[in-house]
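Working notes, structure below.
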Amino acid sequence: MNRVLFLFFLAFYSFPLFSQTELLTFFERSEGKRTPRYQETIEFCHRLADSSPLVSYTSFGISPQGRDLPLLIVDKDGLTDPTTIRSAGRILLLVQACIHPGESEGKDAGLMLIRDLVTKGAGHRAQGAGRRAQGSENDIEDYGSRFAGLIDHVSILFIPIFNVDGHERFGPYNRINQNGPEEMGWRVTATNLNLNRDFLKADAPEMRAWLKMYNQWNPDFFIDIHTTDGADYQYVLTYMMETLGQMDKGLTSWCDGLFLPEWTSGMETAGYPVFPYVQFRRWHDPKSGLERDVAPPMLSQGYVALRNRPGLLVETHMLKPYKQRVEASYQCLVTTLEILNRQFPEIKKLNQQADALVQTPAFRAQPFPLQFRLSDADSIMVGFRGVMYDTIRSELTGGLWFKYSSIPETFTVPLFSTCVPSETIMLPEAYVVPVEWQDVISILRLHGISMKEVVHDTTILVTSYKFNAPKWRSNPYEGRLPLSHIEFNSFSEEKVFPAGSMIAETSQPTARVIAQLLEPKGDGSLLSWGFFNPIFEQKEYFEFYVMEPMAKQMLEEDPELRAAFEEAKAADSNFIKNQWQVLNWFLERTPYRDTKRMVYPVGRIEGR
Ligand SMILES: [Zn+2]
């Protein structure tokens, strides 16, 4: 058997050859009008894995309705675990689609790209003669240069559908503002949770699985692909990276100074001019000026910034035809891969430096920003490629709405994007979470936070917080009743932490996540989501026949208390009208008061 024939035999035997038609995606077969259902998507993922040794199919969890959470691994040597891929010198790119399943461009673009990578690029080279024998040599020659090298230094993790259950709530009426595909999935999970608000609190089983996957792979770069809502403009694709203050400074400089200039110019050259994903200062009115703000860490690109990794949020424009949006997403992935393959040593180095920096005392010596606000003092003038529009007064509602034309117009408008910290904190050496708050401990574990267990009941000197007049939102949000107002005083105390309590030191790569989760004023803290709501409830009560005489006696015996009581009455004229409130005021000044109520159970262990 000659060598060529042998290789042909081997390729044919190990990896069944698929015809070009069999490796056309559902999207392509529909001429760009439709997107596949879950089952079709999974079958295609398996076809890709079966067709190439470079592609592996795996699942990173199971959804509440019992579906596999799919993950494709693309590696030039067919490696399937992070350790060996890193040992081979490659970095890891995680691409995620369909966290909002109605926004399915990333799924269709990613499946096409992986197919092209392994049939027209590196995959072809690796598979030897088998492909050529198929008579697709011309295609390979045409495309080879475009795809060659895209996975030389980067391995890809691809989640075609993250929110798999929401994806199967499939129909033509799921996105009222959107121009195709003909049918699509639904925004939220089967339990009505938005996964793109769940990165910190991790209520959804899908998110818990995602966090475990993320810890295991710790990707070097992340892309999350969505579709906009909002105004009309010319751009097919807009983007956001967390470069406004939440991320490590070295990575921020690399994103702003290198990645984004190269990526935006690469996209423009490829025929897709891009613009940051902005809000308008006045609703839907681009001429009012543009705003970019720090992304909260409950969102994907905000979360990976806390984990010291760059994340690119992609938002294709809902009014553009679906085919064009998928093609733009495809180009976005190609352009990103080109840059990552050139920049991989730098990314590797910057990610390591960012992880190392947060572990140093110098990092804890700086105020840590928990929240930001957009400064309205600072703006730059930019050209925004919008479309002409009229403002219409509605006869139906009396309100205003914007009627967009198809006439392009570039508006020169101010862009506001300077964000300043509005809440800062000095990080302690560690936080200690009492053993009884098991839900909180398990969330910390999910975020890859290392903790030390308190082995015996131990008295620890901590800073504690006592809350004043907390308030809650009037409606549930993402399945919880979050706080809307958080104020507290801090005080030092020696407190017994029972065996099994967990100590999370801040000298670890996840320091930013620890702070945002455990500082009550963190952006998306567990306290703000309501994880600690029971501490605000009063659980023991007095009878009036006990408290009335006791209060009278306290006033008679304690002139200071009498003065304080007069002050309380003077400060709030309603105070005295509420008998329960008045007597409770006295209870709080007796030894019967609940000393744990309103006190944050998590303690800060300050540095020496
Ligand atoms: Zn979205």
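Would you compute the Debye intensity of the chain from its alpha-carbon atoms alone, equal scatterers and no solvent, and pass along log10 I(q)/I(0) at q = 0.06, 0.12 Å⁻¹ to two decimals?
-0.39, -1.26
For segment 324-397 and segment 521-582, write down the distance between their C-alpha centroids in whole Å.
Their Cα centres are 47 Å away from one another.
What's the local net charge at THR189, with K and R +1, D and E -1, over the other residues with C-beta under 13 Å away? Could you put the intermediate results ahead of the total?
Numbers: positive: ARG67, ARG169, ARG187, ARG197, ARG208; negative: ASP165, GLU168, ASP198, ASP203, GLU206, GLU478.
Here the count lands on -1.
Angle, helix 544-557 long axis vs. longest principal axis of the chain, Cα atoms, 0 to 90°, nearest 10?
Value to nearest ten degrees: 60.
So how strong a dipole does the chain carry about its Cα centre when Lys and Arg Cβ are +1 and Asp and Glu Cβ are -1, to the nearest 20 debye?
Values: 62 positive and 75 negative charges, 167 e Å.
Here the size comes out at about 800 debye.
What share of all Cα pairs of segment 368-421, in percent, falls into each consecutive 10 Å distance bin?
21, 26, 29, 21, 4, 0
Measure nothing fancy, just the Cα-based angle from helix 38-51's long axis to the longest principal axis of the chain, in degrees from 0 to 90, nearest 10.
The helix 38-51 is inclined about 50 degrees to the chain.
If you add up the charges near SER375, with Lys and Arg at +1 and Asp and Glu at -1, over every other residue whose beta carbon is less than 12 angstrom from its beta carbon, what do you get?
Working: positive: ARG292, ARG373; negative: GLU291, ASP293, ASP376, ASP378.
Charge balance in the 12 Å sphere: -2.
Once the principal axes of the Cα atoms of segment 544-587 are found, what is the range along each, listed largest first in whole angstroms?
24, 22, 11
Mind running the shape call on segment 484-524? Use the C-alpha gyration tensor, a ≥ b ≥ c as the square roots of the eigenvalues: rounded below 1.5 for a/c, prolate if a/b tops b/c, oblate otherwise.
Working: a/c = 2.16, a/b = 1.09, b/c = 1.98.
Oblate, since a/c reaches 1.5 and b/c is not below a/b.
Report D for segment 213-320 in µm² per second (integer): Stokes-Einstein, Kirkwood Rh on Cα pairs, 20 °C, 1.002 mPa s.
Numbers: Rh = 14.7 Å.
In µm²/s, the coefficient rounds to 146.
If I fit a long axis through the Cα atoms of helix 559-571 and take the longest principal axis of the Cα atoms of the chain, what angle between them do I get, 0 to 90°, rounded to 10?
The angle comes out at about 50 degrees.
Kirkwood Rh over Cα pairs of segment 278-320 into Stokes-Einstein at 20 °C, 1.002 mPa s: D in µm²/s?
On the way: Rh = 12.1 Å.
The estimated diffusion coefficient comes to 177 µm²/s.
Using only the alpha-carbon atoms of segment 3-356 as identical scatterers, what base-10 log of I(q)/I(0) does the Debye formula give at q = 0.13, 0.14, 0.15 Å⁻¹?
-1.01, -1.19, -1.38
Send over a whole-number figure in Å² for the accessible area per residue of the chain, probe 1.4 Å.
44 Å²
Highest mean first, how do 360-369, 287-296, 61-70 rank when packing is the count of other Cβ atoms within 10 Å averaged over residues?
On the way: 360-369: 13.4, 287-296: 18.9, 61-70: 16.8.
Output ranking for 360-369, 287-296, 61-70: 287-296, 61-70, 360-369.
The values are calculated or read from the model by the stated rules, or taken from the named source; none is laboratory data. If you're wondering where the values come from, they're calculated on a predicted model, not measured in any experiment. FYI the Cβ positions are ideal-geometry reconstructions off the backbone, even for glycines, and counts take in every protein chain you see. Just so you know, the surface numbers come from the protein's heavy atoms only, side chains and all, with ligands and any DNA or RNA stripped out. Shrake-Rupley method; radii C 1.70, N 1.55, O 1.52, S 1.80 Å.
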